[in-house]
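What follows is a short report on a single structure.
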Amino acid sequence: MIKLITFAVLFFSLAACSNGTKNQTHHSNIANAKNSTAMENQITQTGIEKSLSIYFEALNKSSVEQAVGQYTGDGVFMPTGLPTATGTSALTTAYGNVFKAIQLNVAFKIEEIISLDSSVAFVRTQSNGTQLIHATGQKTEELNREFFLMKKDNGDWKIARYMFNQPR
């Protein structure tokens, strides 16, 4: 009987130790998953910031090639008051027309990045600065709210959809 009680105590003690190890492993896995997710979010944010920095630099340099290069092949540009441009050819024409009409000098601020998964994100930005209207030589204030749908394309974040409006 003493052997049976000793065996039972030993068995339950081992079971308790085993559960403690499983709980520690479970909590460790949760912590690792959170760290991995935080790292993935930082990588996503950095990639998107890089792409949008290149895009806004292109706007300030009036570089059609650089601006269009930040879009996916089926990218869509929806400017206020102008027709929607879809695909590389239409984007090239649209940005060519924009840069013939105006010269931008803007800075932007990312207000929000929301990742839907590892390859799609929404981004909300605000830009402000000036625009020079080539036809008149007039310089005016430029202030816009922008909304981007970003997609990962061959490992790089690209603009899949872009629209903007003026907040006033």
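Filter segment 47-71 down to residues that are more than 12 Å from Asp156 (Cβ to Cβ) and among the β-branched types (Val, Ile, Thr) and give me whichever is surrounded by the most Cβ atoms within 10 Å (Cβ to Cβ).
Top of the filtered list is Val68.
Given (1) over 21 Å from Ile48 (Cα atoms); (2) in contact with a Ser or Thr (Cβ under 6 Å, 6 or more places away or on another chain), where does Ala94 come up short, assuming only one miss?
(2)
Among the residues of segment 158-168, are any in contact (Cβ under 8 Å) with a residue 24 or more places away in the chain and small (Gly, Ala, Ser)?
So far as segment 158-168 goes, yes, one or more of its residues are in contact (Cβ under 8 Å) with a residue 24 or more places away in the chain and small (Gly, Ala, Ser).
Name every residue in segment 123-168 that is β-branched (Val, Ile, Thr) and buried (at least 17 other Cβ atoms within 10 Å of the Cβ), in order of residue number.
Selection gives Val123, Thr125, Ile159.
Does Ala85 qualify as being over 20 Å from the mean Cα position of the chain (by Cα) and farther than 21 Å from Arg168 by Cα?
yes
If you go through segment 58-68 one residue at a time, do you hit one that is of a type in the set (Ser, Thr, Tyr), modelled with pLDDT under 95 and in contact with a helix residue (DSSP H, G or I) (Cβ under 9 Å, 6 or more places away or on another chain)?
Among the residues of segment 58-68, not one is of a type in the set (Ser, Thr, Tyr), modelled with pLDDT under 95 and in contact with a helix residue (DSSP H, G or I) (Cβ under 9 Å, 6 or more places away or on another chain), which makes the answer no.
Any residue at all in segment 90-105 that is assigned to a strand (DSSP E or B), of a type outside the set (S, T, N, Q) and within 16 Å of the chain's Cα centre (by Cα)?
Taking every residue of segment 90-105 in turn, none turns out to be assigned to a strand (DSSP E or B), of a type outside the set (S, T, N, Q) and within 16 Å of the chain's Cα centre (by Cα).
Please state which one of Asn35, Asn41 is within 30 Å of Phe147 (Cα to Cα), more than 18 Å from the chain's Cα centre (by Cα) and modelled with pLDDT of 55 or more. Step through it out loud before you land on a result.
Values: Asn41 fails: more than 18 Å from the chain's Cα centre (by Cα).
So the residue among Asn35, Asn41 that is within 30 Å of Phe147 (Cα to Cα), more than 18 Å from the chain's Cα centre (by Cα) and modelled with pLDDT of 55 or more is Asn35.
Based on what the data block shows, is Ile110 crowded, with 16+ Cβ neighbours inside 10 Å, touching a Lys or Arg at 6+ places or on another chain (Cβ under 9 Å) and either in a strand (DSSP E or B) or without any contact (Cβ under 8 Å) to a residue 12 or more places away in the chain (or both)?
yes
The values are calculated or read from the model by the stated rules, or taken from the named source; none is laboratory data. Note that the structure is a prediction, hence the values are computed from the model and not measured. Note that we place each Cβ from the backbone using ideal geometry, even for glycine, and neighbour counts take in every protein chain shown.
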